[in-house]
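A short reminder: the numbers here are calculations on the coordinates, not readings from a lab. Not measured: the values here are computed from a predicted model. A quick note on method: Cβ atoms are made from the backbone with ideal geometry, for glycine too, and the neighbour counts reach across all protein chains shown.
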Amino acid sequence: MLNDEGKVLLIRHRNGTWVFPKGHVEPGESKADTAVREVEEEAGVQSVAIDPRQTWQTEYVNPRREGRRITWYLLRTNAREAILREAIFPHGGFYPPEEALTMLAFDEDRGTLKQVLRAARRAGLLPDAATGETA
Ligand code: 5FA
């Protein structure tokens, strides 16, 4: 999730870990719709998927020893702040990409963010890191 300032949305689980919003697909829902809905529910942010055909995947085993495969989307918003509604995610907000990379708790998520940032630069959604110009 990127906003119009090029900042990244992260939320902090009550266990202290910073993550991206996500959740389970509901019956009849596309995965891109799930992404948009979960961002709204967990962070109070309205967004749209830039290109629902472009996805990134991560896999991990959660603390309940369940294997997880997550499909991520690049979402876009004009929001500047998160509105946290769920007790499980008491904090969150938009952070500069370099800061977000240091905050994220999991290597898989850092890897995904790096790839998403490259795609966003290519799409002209972020200033080019080297030149400060949009590309
Ligand atoms: N966790 C998250 N990412 C991780 C990673 N890359 N490597 C290792 N651990 C990771 O379980 C959440 C737990 O997984 C947290 O402790 C987190 O630190 C760790 P999950 O299986 O990712 O999620 P969940 O099933 O608890 O919840 P969601 O899939 O997000 O959705 P809900 O159950 O809340 O469903 P809903 O939002 O649709 O109601």
(message) Suppose we filter the stretch 2-44 for residues that are buried (at least 22 other Cβ atoms within 10 Å of the Cβ), more than 15 Å from the ligand (Cβ to nearest atom) and part of a loop (DSSP other than H, G, I, E, B); how many remain?
(response) 0
(message) Filter the stretch 111-128 down to the residues that are surrounded by 15 or more Cβ atoms within 10 Å (Cβ to Cβ) and within 12 Å of the chain's Cα centre (by Cα) and list them by number.
(response) Thr112, Leu113, Val116, Leu117
(message) Filter the stretch 18-34 down to the residues that are of a type in the set (A, V, I, L, M, F, W, C) and out of contact with any Pro (no Cβ under 8 Å at 6 or more places or on another chain) and list them by number.
(response) Trp18, Val19, Phe20, Val25
(request) Would you point out the residue of the stretch 23-63, among those that are charged (D, E, K, R) and more than 13 Å from the chain's Cα centre (by Cα), that is farthest from Arg12 (Cα to Cα)? (result) Arg53
(request) Check Val25 against each of (1) more than 21 Å from Gly111 (Cβ to Cβ); (2) in contact (Cβ under 8 Å) with a residue 60 or more places away in the chain and name the one condition it does not meet. (result) (2)
